Each structure stands twice: as C-alpha cells, then as structure tokens.
Amino acid sequence: MINIKENERLNVMNHSCAHLMAQAVKHLYPHALFWVGPVIEEGFYYDIDLGDDVITEDALEKIEKEMKKLSKDGKRIYREEISKTEALERFKNDPYKIDLIERMDEDSTVISCYTQGDFTDLCRGPHVETVKELKYFKLIKFSGAYWKGDSKNKMLQRIYGVCFENEEDLNEYLKEIEEAKLRDHRKIGKDLGIFMTHDLVGKGMPLWLPNGALVRKELENYIYEKERKI
C-alpha cells in the first residue's frame, strides 16, 4: 500500500483536501472549531470540536457531498503571511488556533495562512492551486481523539480521508483497504474463536479462547521440539 505522506504530490493533495473537508464541515456546522489536520501514511485527518454534534456515517456522506460542491466551484487557494500579532487578532475567537500560535517559536516573525473562498486556516503548506484539483477523495472513517492526546482534555472528533489524482488510483486504494480489513487480526481472531478482548481487562490484552489456547500450545510444542534438536 502506498505511503501517501512520503509521496510529494499526494502529500500536497491530501493536505489540501484536509482543508477542503474542514471548509465543508464549517459550512454544515458553523460552530465547528479545528485543531490540527496533518497528512498521514493513509491519507489525512482533522480533529474537530463540534460541540454537542456527533459525526455519523450519514454525516460523512453530507460532508463529502459538500466537498464535491466546493471542488466544482473551483476557488483558488491563496497563501498569506502575517505577523504573530496579526494571527492572534485574526483567530482571537478560536482557542485551538490561539494555542497553536502561542506555542510557535518566538523567533517566528511570519505565520502563513491559506484561504479558499470563505475558509482560512493556519498552515505551512504547500497546497494545490485550486480546489478544482481535488476531485477524487473519500472520507474513510471517524473516531474520537483527545485534544493534544491527553485524556484530561476535551474529546474531539477525528475524521479520516484520502485523496488521489484519479478515480482509478482512489478505487484501487479503497479496494486495498477492504482487503486489509479481511486480514485484520482482530477480525480473524473473532471469526476463528482464537481470542477475545474485554473492557474490564483492557483492549490491549487478549483473552485466549479454546481454539487460541490450542494454537498457542501447538506453537509452543513446535518451538520446544525445534530447540531440542539444536
């Protein structure tokens, strides 16, 4: 499976698509606030504070629909460089952006922002020239994520997505994702009755079921016999 983060062209496209998604979310949820939206090996994600609203599968479809609408509109993406003081003033009503700005290096005299239509966000870039280049994308999944990864902080909602240059590459990638799910040890373990997990014990600690105990015993016997012959 391709590493999108290490592919220069796909990295830029996915970074830009994260902003496209954020703009769509802002249209549907005007009260939304955004933390960070990095590119990862599998595409991109954005951590979002939606207040009392909760992301669902239906919500993902609506966000995708709005993204496609924005993409067809074809707005250019503009880079702007402002001072730290200007950034603090511009994002004064957004506690997440204020936190990012205040933690920037004191030697940083210029902060870059990117704007597309009615949406502006802090970002180092680079980005594609227009949102029209972002046609072949898919929102993959969603989950919860604590702000700054700290369980003492507020739980934000994280939306994952991926973007490619053409439909063929996107469909191939989505096919690989589905095939990977079939090979997932958590699914195989459940389907074959090898192990289970329980919240009281901890999801990272598997509990062996009879089939799993048998497999483990056979592996131990194999290793024992192998070592004895050495």
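Some observations on this one:
- Where a residue in the stretch 78-95 is farther than 12 Å from THR120 by Cβ and its partner, wherever it lies, is open to solvent by 70 Å² or more (accessible area, probe 1.4 Å), with Cβ under 6 Å and at least six apart: GLU81/VAL110
- ASP94 open to solvent by less than 30 Å² (accessible area, probe 1.4 Å), over 19 Å from the mean Cα position of the chain (by Cα) and farther than 16 Å from MET21 by Cβ: yes
- For the residues LYS152, LYS148, LYS181, the requirement of being within 19 Å of the chain's Cα centre (by Cα), open to solvent by 50 Å² or more (accessible area, probe 1.4 Å), of a type outside the set (A, V, I, L, M) and modelled with pLDDT of 80 or more singles out LYS148.
- Residues of the stretch 155-175 satisfying the condition of being in contact with a Gly (Cβ under 6 Å, 6 or more places away or on another chain) and either open to solvent by less than 50 Å² (accessible area, probe 1.4 Å) or of a type in the set (D, E, K, R) (or both): GLY161, VAL162
- Failed item, numbered, when LYS148 is tested on (1) part of a strand (DSSP E or B); (2) on the phi > 0 side of the Ramachandran plot: (1)
- All positions within the stretch 188-230 that are within 28 Å of GLU178 (Cβ to Cβ), modelled with pLDDT under 80 and assigned to a helix (DSSP H, G or I): ILE188, GLY189, LYS190, ASP191, GLY212
- Of the residues making up the stretch 106-126, those that are open to solvent by 60 Å² or more (accessible area, probe 1.4 Å) and β-branched (Val, Ile, Thr) are THR109, VAL110.
- Condition broken by ARG103, with the remaining ones in (1) open to solvent by 80 Å² or more (accessible area, probe 1.4 Å); (2) modelled with pLDDT of 95 or more; (3) under 29 Å from ASN3 (Cβ atoms) satisfied: (2)
- Among residues of the stretch 127-145, those that are under 12 Å from CYS17 (Cα atoms) and open to solvent by less than 90 Å² (accessible area, probe 1.4 Å), counted: 10
The values are calculated or read from the model by the stated rules, or taken from the named source; none is laboratory data. This is a predicted model, so every value here is computed, not measured. Here the Cβ is made from the backbone with ideal geometry for all residues, glycine too, and neighbour counts use every protein chain on show. In case anyone asks, the SASA skips ligands and DNA or RNA and just uses the protein heavy atoms, side chains included. Shrake-Rupley method; radii C 1.70, N 1.55, O 1.52, S 1.80 Å.
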